[in-house]
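Asker: Attaching a single structure in structure tokens format; questions to follow.
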Amino acid sequence: MIKKEKFELEYTINASPALLFYRINNPSGLEEWFADKVTEQNSIFTFTWSNSEQKAELIEKKANEFVKFKWLGSDDDTYFEIKIIQQELSGDVGLLITDFAAENEKSDIKDMWDEQINGLKHTLGV
């Protein structure tokens, strides 16, 4: 099995934490930027892109702060987390993404997150 390494990406998105939380926690909010279609049943989110579908369990969340998902079928301790952060001095609001990837996949995964977050910014008009 290929070893996946944890990494973090930080993005500035000047929007209210409540608005961001809706976009990261709610199926209709996630459909606006993360996947073409998102459904949720009993904490299991189904993400659909074109002809691809993946399911993830929402394993932890805290209102207006973060969500943490684990892809179903992954037999390791990996997850992805989207955390809302606010800089104390500047007041800037952003997202801190925690994800895992094999060394040879890390660049592609980072590019995917960059593209997804650009979609989120476009949706929010920021």
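What follows draws every value from the coordinates through simple rules; no lab data is involved. Just so we're clear, the structure is a prediction, and the values are computed from it rather than from any experiment. So basically every Cβ, Gly included, is an ideal-geometry build from the backbone, and we count neighbours across all protein chains shown.
Asker: According to a simple spin-label model (label point 7 Å from Cα along Cα-to-Cβ), what is the distance in nm between Glu60 and Thr98?
Answerer: Between Thr98 and Glu60, the label points sit 0.6 nm apart.
Asker: Quick one: among Glu88, Glu31, Glu57, which has the greatest mean-square fluctuation in a GNM of the chain with alpha-carbon springs under 10 angstrom?
Answerer: Glu88
Asker: Something else: Under a Cβ-only charge scheme (Lys and Arg +1, Asp and Glu -1), can you give me the dipole magnitude of segment 4-124 about the Cα centre, in debye to the nearest 20?
Answerer: Roughly 380 debye, rounded to the nearest 20.
Asker: Of the listed values (1) 8.1; (2) 9.7; (3) 8.8, grab the one calculated as mean projected area of the Cα convex hull in nm² from the structure here.
Answerer: (1)
Asker: State the extension gain, in nm to one decimal, for the chain segment bounded by Thr39 and Leu72, taking 0.36 nm per residue of separation less the distance between their alpha-carbons.
Answerer: Full extension from Thr39 to Leu72 adds 10.4 nm.
Asker: Still on this structure, I have one more. Before anything else, pin down the relative contact order of the chain: Cα pairs under 8 Å, at least 6 apart, normalised by residue count, whole percent. Walk me through the numbers on the way to the answer.
Answerer: On the way: 215 pairs, mean separation 38.9, N = 126.
This gives 31 percent for the chain.
Asker: Additional query: Taking the Cβ of Glu10 as the center, what net charge do the other residues with Cβ under 11 Å away carry, scoring Lys and Arg +1 and Asp and Glu -1?
Answerer: It works out to a net charge of -1.
Asker: Taking the Cα-to-Cβ direction at Glu115 and at Glu88 and moving 7 Å from each Cα, how far apart do the two end points lie in nm?
Answerer: Between Glu115 and Glu88, the simple spin-label model gives 3.8 nm.
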